[in-house]
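Let me begin by presenting the structure, written as C-alpha cells, before commenting on it.
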Amino acid sequence: MRTFDYARADSPEAAVRASGAGVRFIAGGTNLLDLMKLQIETPTKLVDISRLDLAGIEERGDGGLTIGALVPNSDLAADPRVIAKYEVLARALLAGASGQLRNKATTGGNLLQRTRCCYFYDIAARCNKRDPGSGCDARDGFNRILAVLGTSEQCIATHPGDMPVAMRALDATILTLKPDGDRRRISIHDFYRLPGETPEIETVLEPGELITHVELPAPVEGARHLYRKVRDRASYAFALVSVAGVVRVAEGKIASATLAFGGLGPMPWRDEGVEAVLVGEAPGDDAFNAAADALLADARGFGANDFKIPLMRRTLIASLRQLTGIAG
Ligand SMILES: Cc1cc2nc3c(=O)[nH]c(=O)nc-3n(C[C@H](O)[C@H](O)[C@H](O)COP(=O)(O)OP(=O)(O)OC[C@H]3O[C@@H](n4cnc5c(N)ncnc54)[C@H](O)[C@@H]3O)c2cc1C
Ligand code: SF4
C-alpha cells in the first residue's frame with residue numbers, strides 16, 4: 001500500500017500554495033481515484049479542492065456565462081441558462097458517463113480526465129504516456145477506440161471527454177490561478193497539446209496551476225445546436241466519434257458554423273478549415289461531403305480503428321443535415 005498525505009484547501013490561493021512535486025488536486029475524484037487504485041497516479045499528497053467556493057454559474061454583462069471549476073456535470077447540464085443558450089453543452093454533458101458519475105464529476109476535472117487507452121491502465125503494458133520512453137503497445141494492439149488524427153509515433157490515444165468537445169465548439173476560455181499568484185486566461189483552443197514526443201504532457205497547465213473557472217462567450221443568436229455521440233452502447237460508454245456543432249443558416253446559406261469532434265484525436269478536435277468550407281454555402285450533401293473531405297484528409301487508422309474514418313464522415317454529414325434543418 002502506498003501512503004499519501006491529505007489536506008483540504010479552504011481557498012484557491014491556499015490550494016495552489018499547497019501544490020508541489022507529487023501533489024495532486026482532487027475534485028470529484030472519479031478519474032483520479034481510479035488511477036490511484038491502479039497505481040498509475042502515485043501522489044505523495046492530495047489537496048482536496050472539492051469544498052472551494054467555485055461551484056457557481058454566473059451570467060456576465062457581455063451575455064456570456066462563467067462556470068466555476070467545481071460545478072458538477074449534472075448541475076451544469078440542468079442549468080436553465082445552459083439549456084436555453086448552450087444546448088450543445090447540456091447535450092454533451094448528458095451524453096457522458098452515468099447520472100451518479102455526473103453528480104460527482106466537476107467541470108475542471110472533466111477537462112483534465114485522462115485517456116481511456118487500455119494499455120495506459122495496464123501497468124504491465126508499454127505506454128509512453130504513463131511511462132515515457134517505454135513504447136506504445138496500442139499501435140499494433142487493441143486500438144479500436146484510439147485516434148486517427150493528431151497522433152505521433154509515441155502515442156495514438158484519444159481524449160475521451162464529451163463536455164470539452166462542446167466547449168471547443170463554443171470557444172470557451174479557461175481561467176487559472178498559478179502557485180505564484182498569477183492568473184491566466186487560456187483559450188480552449190490553446191489548452192490541449194498534441195502528443196508529439198511528450199505524450200505524458202497533455203495540456204499547457206503548469207505544475208500546481210488550478211483551473212478556477214470556464215468562460216463561455218455570448219451565444220450565437222439564431223443558431224442550431226447539436227451533440228451527436230456514436231458509441232458501442234446507448235449509455236455509459238465513451239465516444240467512438242462525436243460531433244458538437246453550432247450552425248446558423250440565413251437566407252438559404254450557412255452563415256456561421258463552429259464544429260468540434262470527439263473520439264478522433266488526442267484532444268477535442270477542431271479544424272477551422274472544415275468550417276471555412278461550409279460558410280457561405282447552401283446546405284446540402286455537396287457542401288457536407290466537402291467538409292468531411294477537409295476534416296479527414298489527414299486521417300490515418302491503425303487497423304482496429306480504421307472504421308472511425310468512414311463512421312466520422314457519416315456522422316458529420318448526418319449532423320450537418322440536422323444542424324441546417326434538412327433533417328429533423
Ligand atoms: C465508468 C466511467 C465512465 C465515464 N464515462 C464518461 C463519458 O462517457 N464521457 C465523459 O466525458 N467522461 C466520462 N467519464 C469521465 C468523467 O467525466 C471524469 O472522470 C470526470 O469528469 C472527472 O472529474 P472529477 O471532478 O471527478 O476529476 P478528478 O478525478 O477529481 O480529477 C481529474 C484530474 O483533474 C485534476 N483536477 C481536477 N480539478 C482540477 C482543477 N480545478 N484544477 C486543476 N486540476 C484539477 C486532478 O488533479 C486530476 O488530475 C467516465 C468516468 C467513469 C469512471
Ligand atoms: S496510445 Fe498512448 S496511452 Fe495508449 S499505449 Fe500508446 S502511449 Fe500509452
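Things to note:
- Of all residue pairs spaced 6 or more apart or on separate chains, those with beta-carbon atoms under 8 Å, a first member in region 311-328 that is touching a residue at least 40 places away in the same chain (Cβ under 8 Å) and a second member that is buried (at least 16 other Cβ atoms within 10 Å of the Cβ) and of a type in the set (S, T, Y) are T315/S242.
- The residue that is surrounded by the fewest Cβ atoms within 10 Å (Cβ to Cβ), among those in region 193-241 that are of a type in the set (G, A, S) and away from ligand 2 (no atom under 16 Å from the Cβ), is A234.
- Consider region 40-94 and keep the residues that are within 12 Å of ligand 1 (Cβ to nearest atom) and within 30 Å of R126 (Cβ to Cβ). The one that is surrounded by the fewest Cβ atoms within 10 Å (Cβ to Cβ) is K45.
- Number of residues in region 104-137 that are touching a strand residue (DSSP E or B) at 6+ places or on another chain (Cβ under 8 Å) and within 10 Å of ligand 1 (Cβ to nearest atom) equals 7.
- Every condition in (1) in contact with an Asp or Glu (Cβ under 6 Å, 6 or more places away or on another chain); (2) aliphatic (A, V, I, L, M); (3) closer than 22 Å to R185 by Cα is met by A69 except one, and the failing one is (1).
- Region 1-39, subset surrounded by 14 or more Cβ atoms within 10 Å (Cβ to Cβ) and of a type in the set (G, A, S), residue modelled with the lowest pLDDT: S19
- Qualifying residue in region 64-74 (condition: over 19 Å from the mean Cα position of the chain (by Cα), over 26 Å from G208 (Cα atoms) and modelled with pLDDT of 95 or more): yes
The values are calculated or read from the model by the stated rules, or taken from the named source; none is laboratory data. These numbers were taken from a predicted model, which means no experiment stands behind them. Reconstructed Cβ throughout: ideal geometry from the backbone, glycine too, with neighbour counts over all protein chains shown.
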